[in-house]
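Okay, structure first, notes after.
Just so it is clear, none of the values below were taken in a lab; they were calculated from the coordinates. Please read all numbers here as calculations on a predicted model, not as lab measurements.
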Amino acid sequence: RPFEALSSIARQLDEPILGQTAEDQTWPDLETHRFLSPEKFGDCFQSARVIVAHAGIGTVLSAQRWQKPLIIMPRRFDLGEHRNDHQQATAKQVGSLTGVYVVSNAEELGTLLKAQDLAPASSQSGPKSHRVRGTAR
């Protein structure tokens, strides 16, 4: 879902979008890689304005390490994206952290990606600078 959502809004953004996907798929207006070496991953992460990812703890820790805003779109069991809803549980746990934004659809993702003042990810809980679906994020 994140790649579908990113592809649907990519032309509205005035910046390149690079993604790592486990499958050999291409998406309109996105630069995708099936694999990134740890060095390339780190370089991409450090140069990004914002990170969009599934709800993996490693990504949360990387966003905190490099102080990047993180938008997570957890994979869902009911959509056949994963074997259970552990990513939903992870998103619920980390969604209260400053600079970690949880979205469930392309509209919410687009709203956040268009914002230029997203807080960097932190291990601290606190207020968010944007609201999505009427809930403080």
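In this structure the amide hydrogen of residue 71, modeled in the peptide plane, comes within under 5 Å of the amide hydrogens of 51, 52, 53, 101, none closer than 5 places in sequence on its chain.
For the range 51-61, putting each phi into the Karplus relation 6.51 cos²θ - 1.76 cosθ + 1.60 with θ = phi - 60° gives couplings of 10, 10, 7, 6, 8, x, 4, x, 5, 4, 5 Hz, in residue order, rounded to whole numbers and with x for Gly and Pro. Here the convex hull built on the C-alpha positions of the range 16-55 has a volume of 80 cubic angstrom per residue. 3J(HN,Hα) along the range 96-110, derived from phi through the Karplus expression 6.51 cos²θ - 1.76 cosθ + 1.60 where θ = phi - 60°, amounts to 8, 6, 4, x, 10, 10, 9, 10, 10, 7, 5, 4, 5, 4, x Hz, with x in place of Gly and Pro.
For the range 4-12, backbone phi angles converted through the Karplus equation (6.51, -1.76, 1.60; θ = phi - 60°) give residue-by-residue couplings of 4, 5, 4, 4, 5, 10, 4, 5, 7 Hz, Gly and Pro being listed as x.
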